[in-house]
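So the structure is just underneath, and the comments pick up after that.
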Amino acid sequence: MIIKEILNYIETFAPLDSAMEFDNVGLLIGSENTEVKKAVVALDITEGVIDEAVENGAGLIISHHPVIFSPLKSIDENSIVYRLINNGIAALCLHTNLDLSPEFGVNTCLAEAVGVKNAAFVEGECLYIGELDTEISCKEFAENVKNALGCKGLRYTLPDKTVKKVAICSGSGGDLAPLAEKNGADVLLTGEIKHHDILEANRIGIAIIDAGHFKTEDIVITPFTEKLNENFPDVEFIRSKNCTDKINYL
């Protein structure tokens, strides 16, 4: 199996040209014609993830966050890019194209995990809106999110507010609270929100659940790995065990 065949399959549900303009997606290191027998799947390409790839003899890492995003002015021997190239490991990065996929992606997996159903994207936006089976308090929904994502802690507002219609933006979507409210959502579930965006959400009366960037996106990695293994039985796709944001809570 060559990388191009894997990429062609991904194009059927998360095409690269659907990524946002600012993004950098696709095969960022390596050749499409490289044969692959093992690949590591992770949210980020870190030193630990590269070590996993080397230990497992994997010639490819598939990640959500791009390993090359800002312009590179130098590549020293300790950099991630240098280590990938030096070890002959290709990097396939699927960022906002995987966020925006209505068939299978980060937000669809996040919605399923927290019990949000019949969801759809707001046109032209990375905002996925659906409903819970029953109305519950925001505090109860926040507890459900914490358990579903395995969070050690999260932030939320308006604990007594009744919520049913849920807006979701994995990763960093705190600035979308006004759009979520405009589309009738009771609560916005995201991974990062700034102070001034919290104040605006409070002003317009939409609840916020901030479950962390990593936790709201890492939820896609296991089902994505399983999906790839099902479709490519001749390749072993390995879910990373070392990829974490190393955040602790007191």
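The values are calculated or read from the model by the stated rules, or taken from the named source; none is laboratory data. Nothing here was measured: the structure is a model prediction, and the numbers come from that model. A quick note on method: Cβ atoms are made from the backbone with ideal geometry, for glycine too, and the neighbour counts reach across all protein chains shown. These area figures cover heavy atoms from the full protein model, side chains too; ligands, DNA and RNA do not enter into them. Shrake-Rupley method; radii C 1.70, N 1.55, O 1.52, S 1.80 Å.
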What number of residues within the stretch 229-250 are over 13 Å from Cys151 (Cα atoms) and either among the basic types (Lys, Arg) or not in a loop (DSSP other than H, G, I, E, B) (or both)?
8
Can you tell me how many residues within the stretch 38-88 are under 23 Å from Asn229 (Cβ atoms), out of contact with any Ser or Thr (no Cβ under 8 Å at 6 or more places or on another chain) and either surrounded by 22 or more Cβ atoms within 10 Å (Cβ to Cβ) or aliphatic (A, V, I, L, M) (or both)?
11
Can you tell me which residue in the stretch 167-211 is most open to solvent (accessible area, probe 1.4 Å), limited to those that are in a loop (DSSP other than H, G, I, E, B) and among the hydroxyl-bearing types (Ser, Thr, Tyr)?
Ser172
Just checking, how many residues over the stretch 121-157 are open to solvent by less than 60 Å² (accessible area, probe 1.4 Å) and not in a helix (DSSP H, G or I)?
15
Yes or no: the stretch 103-111 includes at least one residue that is of a type in the set (Asp, Glu), part of a helix (DSSP H, G or I) and modelled with pLDDT of 95 or more.
no
Every residue in the stretch 212-250 that is in contact with a Leu (Cβ under 9 Å, 6 or more places away or on another chain), aliphatic (A, V, I, L, M) and open to solvent by 30 Å² or more (accessible area, probe 1.4 Å), please.
Ile219
Looking at Glu103, is it open to solvent by 30 Å² or more (accessible area, probe 1.4 Å) and in contact with a Pro (Cβ under 9 Å, 6 or more places away or on another chain)?
no
Across the stretch 188-215, what is the number of residues that are touching a residue at least 40 places away in the same chain (Cβ under 8 Å) and in contact with a Cys (Cβ under 8 Å, 6 or more places away or on another chain)?
6
Among the residues in the stretch 5-12, are any open to solvent by 40 Å² or more (accessible area, probe 1.4 Å) and in contact with a strand residue (DSSP E or B) (Cβ under 6 Å, 6 or more places away or on another chain)?
no
Pairs needed: first member in the stretch 109-127, more than 15 Å from Leu188 (Cα to Cα); second member anywhere, part of a loop (DSSP other than H, G, I, E, B) and open to solvent by less than 10 Å² (accessible area, probe 1.4 Å); C-beta distance under 9 Å; at least 6 residues apart or different chains.
Cys109/Ser170; Cys109/Val220
Provide a single number: the residues in the stretch 25-56 that are outside any loop (DSSP other than H, G, I, E, B), small (Gly, Ala, Ser) and in contact (Cβ under 8 Å) with a residue 40 or more places away in the chain.
4
